[in-house]
């Protein structure tokens, strides 16, 4: 054995550490130029119970009942570290300005597990990992080759013929495991296994440029609601957790992504027709006028994802994607009203305002006939 001076850092996935400190079944994932070799040390695992109890006593985070919530949902707090998730570096700061740590992130997801899990169940996840916090570059992970036994995966054949194993978040243990890897947002597909080719909903993403204030986004979200309800559809709204609003149109399981995307694009075309000075569907940033709100319909494609309701966002303030009542949009809510401190309290008081999304089933045939008439020249 010849020792060398460490200059490069590699990321490796592996099954476990052996008794003599070696990696079992290692897989080279690539070099990490963002990592300092001196900072790469053997991590000491901690039982999840210790982290959850510690985070639950921190003032101001709104997670004083985290341990109680963990027990109510069957979370691994108090589980055997050999079978449940263990936490490494819970004090690592992920939000430098606020000082929020990985432990705070895990405590939040433990507290909201009963509410977010029904919206994630059976949906492939695209993992966006922030191992060094939101101030450092993230990286995406689609293929999960190795994972603990409590993490379920689903194989998906990609267009290039490769087989990708996407993670599914079926239980609180997986939420903690994801957060421990630096996965801040939960980005699920719009469809569920086993019917991955049939979306559960259409999502309209109102994405404003930097010089458009959030109250204007709320006003246009209300206008888009009028359009969709005028077509006979029942729709729901949530904040994106970033700058915009997401409007959901739940679907009956009768449409494929080509049909849902086509319908969304027709709605976008009509919105631009009636409010050309407010909406745009121009995808090119260079060609897009900077005073228009981009009505993004293109996420309604197979394999695309949207930040889940109750997902923490990789934004200043640790904001959260929050479901809204339509009356709240009229009162011009603020994006920063919803974060990892306030959301557990809101859920305790209001419950899951997005629960109806999972039960509602819209049909598109009648809406499409009405929309085609509205798009006719002269209308």
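Looking only at segment 303-322, decide whether some residue is assigned by TED's automatic domain parsing to the domain that holds residue 217, surrounded by fewer than 18 Cβ atoms within 10 Å (Cβ to Cβ), within 26 Å of residue 123 (Cβ to Cβ) and out of contact with any strand residue (DSSP E or B) (no Cβ under 8 Å at 6 or more places or on another chain).
No, there is no match, as no residue in segment 303-322 is assigned by TED's automatic domain parsing to the domain that holds residue 217, surrounded by fewer than 18 Cβ atoms within 10 Å (Cβ to Cβ), within 26 Å of residue 123 (Cβ to Cβ) and out of contact with any strand residue (DSSP E or B) (no Cβ under 8 Å at 6 or more places or on another chain).
Restricting attention to segment 288-297, which residues are exposed (fewer than 14 other Cβ atoms within 10 Å of the Cβ) and either touching a strand residue (DSSP E or B) at 6+ places or on another chain (Cβ under 9 Å) or on the phi > 0 side of the Ramachandran plot (or both)?
Of everything in segment 288-297, just one residue is exposed (fewer than 14 other Cβ atoms within 10 Å of the Cβ) and either touching a strand residue (DSSP E or B) at 6+ places or on another chain (Cβ under 9 Å) or on the phi > 0 side of the Ramachandran plot (or both), namely 289.
Could you count how many residues in segment 190-206 are buried (at least 24 other Cβ atoms within 10 Å of the Cβ) and over 17 Å from residue 361 (Cβ atoms)?
2
For residue 369, indicate whether it is assigned to a helix (DSSP H, G or I) and free of Cβ contacts under 8 Å to residues at least 40 places away in the same chain.
Spelling it out, residue 369 is indeed assigned to a helix (DSSP H, G or I) and free of Cβ contacts under 8 Å to residues at least 40 places away in the same chain.
Is it the case that residue 238 is in a loop (DSSP other than H, G, I, E, B), closer than 12 Å to residue 201 by Cβ, touching a strand residue (DSSP E or B) at 6+ places or on another chain (Cβ under 9 Å) and modelled with pLDDT of 95 or more?
For residue 238, the condition - in a loop (DSSP other than H, G, I, E, B), closer than 12 Å to residue 201 by Cβ, touching a strand residue (DSSP E or B) at 6+ places or on another chain (Cβ under 9 Å) and modelled with pLDDT of 95 or more - is not met.
How many residues does segment 166-187 contain that are over 17 Å from residue 120 (Cβ atoms) and surrounded by fewer than 18 Cβ atoms within 10 Å (Cβ to Cβ)?
0
Please find, within segment 1-24, the residue that is surrounded by the fewest Cβ atoms within 10 Å (Cβ to Cβ) out of those that are farther than 19 Å from residue 132 by Cα and within 30 Å of the chain's Cα centre (by Cα).
16
For segment 300-309, does any single residue satisfy the condition of being in contact (Cβ under 8 Å) with a residue 24 or more places away in the chain, closer than 28 Å to residue 98 by Cα and outside any loop (DSSP other than H, G, I, E, B)?
Yes, that holds for at least one residue.
Going by what's in this entry, would residue 327 be described as out of contact with any strand residue (DSSP E or B) (no Cβ under 6 Å at 6 or more places or on another chain), without any contact (Cβ under 8 Å) to a residue 24 or more places away in the chain and closer than 15 Å to residue 221 by Cβ?
yes
For segment 120-133, name all the residues that are surrounded by fewer than 21 Cβ atoms within 10 Å (Cβ to Cβ) and over 11 Å from residue 167 (Cα atoms).
Result: 128, 129, 131, 132, 133.
The values are calculated or read from the model by the stated rules, or taken from the named source; none is laboratory data. Note that the structure is predicted; figures quoted are calculated from it, not measured. Positions of Cβ are backbone-derived with ideal geometry, glycine not excepted, and every protein chain shown enters the neighbour counts.
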